[in-house]
Amino acid sequence: MSRIFSGIKPSGDLTLGNYLGALKNFVALQDEHDCFFCIVDLHAITVAQDRLELRKRTKDIAALYLACGLDPNKATIFIQSEVPGHAQLSWMLECQTYYGELSRMTQFKDKSLKDGTAGLSSGLFTYPVLMASDILLYDTDIVPVGEDQKQHVELTRDIVDRFNNRYGDTFVKPDLFIPKVGARIMDLQDPTKKMSKSEENDKGYILLLDDLNRIKKKIMSAKTDSDNLIKFDKDNKPGISNLLSIYSVITNKSIESLEEFYVGKGYGDFKKDLAEVVVSFIQPIQDRYNEIRNSKELDDILDEGRDLANKLAFKKVKKVEHKIGLGRKR
Ligand code: ATP
Ligand code: MG
């Protein structure tokens, strides 16, 4: 059975983009694979976070994992900072990663072009190595993520080749798993950029925990072009194409069949239907979330996940230390 690892960082509340690009596939993969799903809080602190907010969000995301259908009997669910192996391996791998490689990571490049580098934390520069460590710690075969994470998984694969060449076979080289539709859900107000939970304009994203009326309003006021034709054309009609993708992934209807259905109808009708589709999909998730969020069960699941993850992580860290020559031989 192949091993799966992925994570989401508690840098904001989960968006529909996080669900469609990542979480939906976590749920689909858990039946057939040995899955580890993490809330990667160490990644969230690459930018300043309020401590109480961070703690709250970390558990919110854990509860949402379950509310969206992750089953603790099938998957190991845990919090990254509760497994020290992630940070330990990350240091060892940082020493195998070149400054030039990290300089080419587009997320850092974009951020530094916008804000300059002087005030960015060095964690923001090196976090792709922490992500590589998250993956490699568990001998992961497949990493289900959205399209924006492709470059980081490629870096992970390069680190594996380099390390295994230098020190002998140590790490499994992971493959990417990116969904065909939904891998890059765009911002509702600026459909040329990715929907992100840390975005400032809250009209641009739909949160899984948004008030249902607010979700409807956000969809009705999503940016579309003026020709009123429901057609998928990412380059020339990014707004409606994005809404079609969302509609398609939630309902499992193909984009072509949706285009056909909406021939002769306008954006208003389409958005109204989509608002209904999204709300009826999110409502039961919110209901389950409310049941789970403050339960003892949630803490028990996270304790159990932490213990199992720690066992595997500890072994791997020891193996890598041994390969590199750290500590004493015992
Ligand atoms: P941040 O803005 O803080 O980086 P984020 O919304 O990008 O937040 P992450 O925690 O960075 O969320 O990513 C979690 C997972 O969700 C990753 O697998 C990522 O590829 C996926 N993901 C994030 N945004 C989208 C999106 N708009 N469409 C599809 N998948 C997405
Ligand atoms: Mg992100």
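See the values below:
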{"quantity": "Search result, residues across the range 26-57 that are part of a loop (DSSP other than H, G, I, E, B) and among the aliphatic types (A, V, I, L, M)", "calculated": "40, 45, 47, 48"}
{"quantity": "Qualifying residue in the range 113-124 (condition: more than 30 Å from residue 244 (Cα to Cα), part of a helix (DSSP H, G or I) and within 12 Å of ligand 2 (Cβ to nearest atom))", "calculated": "yes"}
{"quantity": "Members of the range 182-191 found to be of a type in the set (A, V, I, L, M, F, W, C) and either assigned by the TED database to the domain that holds residue 53 or within 10 Å of ligand 1 (Cβ to nearest atom) (or both), listed by number", "calculated": "183, 185, 186"}
{"quantity": "Selection from the range 172-191 of residues that are β-branched (Val, Ile, Thr) and open to solvent by 20 Å² or more (accessible area, probe 1.4 Å)", "calculated": "172, 178, 181"}
{"quantity": "For residue 165: the one exception among (1) more than 12 Å from ligand 1 (Cβ to nearest atom); (2) in a helix (DSSP H, G or I); (3) open to solvent by less than 30 Å² (accessible area, probe 1.4 Å); (4) out of contact with any Asp or Glu (no Cβ under 6 Å at 6 or more places or on another chain)", "calculated": "(3)"}
{"quantity": "One residue from 98, 127 being in the same structural domain as residue 54 (by the TED database) and within 21 Å of the chain's Cα centre (by Cα)", "calculated": "127"}
{"quantity": "Residue in the range 149-162 that is within 16 Å of ligand 2 (Cβ to nearest atom), touching a residue at least 60 places away in the same chain (Cβ under 8 Å) and either in the same structural domain as residue 235 (by the TED database) or in a helix (DSSP H, G or I) (or both) present", "calculated": "no"}
{"quantity": "The range 192-227, subset within 16 Å of ligand 1 (Cβ to nearest atom) and in contact with a Gly (Cβ under 6 Å, 6 or more places away or on another chain), residue least open to solvent (accessible area, probe 1.4 Å)", "calculated": "195"}
{"quantity": "Which numbered condition residue 52 fails, given (1) under 17 Å from residue 79 (Cβ atoms); (2) modelled with pLDDT under 95; (3) over 16 Å from the mean Cα position of the chain (by Cα)", "calculated": "(2)"}
{"quantity": "Residues (open to solvent by 90 Å² or more (accessible area, probe 1.4 Å) and within 26 Å of residue 89 (Cα to Cα)) located in the range 272-318", "calculated": "304, 311, 314, 315, 318"}
{"quantity": "Count of residues meeting criterion [aliphatic (A, V, I, L, M) and open to solvent by less than 20 Å² (accessible area, probe 1.4 Å)] in the range 245-271", "calculated": "3"}
{"quantity": "Set 293, 288, 306: member being touching a strand residue (DSSP E or B) at 6+ places or on another chain (Cβ under 7 Å) and either at pLDDT 95 or above or of a type outside the set (D, E, K, R) (or both)", "calculated": "306"}
{"quantity": "Condition met for residue 210 (over 26 Å from residue 107 (Cα atoms) and under 22 Å from the mean Cα position of the chain (by Cα))", "calculated": "yes"}
{"quantity": "Only listed residue being out of contact with any Lys or Arg (no Cβ under 9 Å at 6 or more places or on another chain), hydrophobic (A, V, I, L, M, F, W, C) and surrounded by 23 or more Cβ atoms within 10 Å (Cβ to Cβ), chosen from 48, 28, 22", "calculated": "22"}
{"quantity": "Those residues of the range 168-198 which are part of a strand (DSSP E or B) and touching a residue at least 40 places away in the same chain (Cβ under 8 Å), in sequence order", "calculated": "177, 186, 194"}
{"quantity": "Lone unmet requirement of (1) assigned to a helix (DSSP H, G or I); (2) buried (at least 18 other Cβ atoms within 10 Å of the Cβ) for residue 138", "calculated": "(1)"}
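For (1) in a helix (DSSP H, G or I); (2) more than 16 Å from ligand 2 (Cβ to nearest atom), each residue gets a yes or a no:
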{"residue": "13", "(1), (2)": "no, no"}
{"residue": "24", "(1), (2)": "yes, yes"}
{"residue": "59", "(1), (2)": "yes, yes"}
{"residue": "66", "(1), (2)": "yes, yes"}
{"residue": "71", "(1), (2)": "no, yes"}
{"residue": "90", "(1), (2)": "yes, yes"}
{"residue": "97", "(1), (2)": "no, yes"}
{"residue": "108", "(1), (2)": "yes, no"}
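The values are calculated or read from the model by the stated rules, or taken from the named source; none is laboratory data. From a predicted model like this one, the values you see are computed outputs, not experimental measurements. We place every Cβ from the backbone using ideal geometry, glycine too, and count neighbours over all the protein chains shown. These area figures cover heavy atoms from the full protein model, side chains too; ligands, DNA and RNA do not enter into them. Shrake-Rupley method; radii C 1.70, N 1.55, O 1.52, S 1.80 Å.
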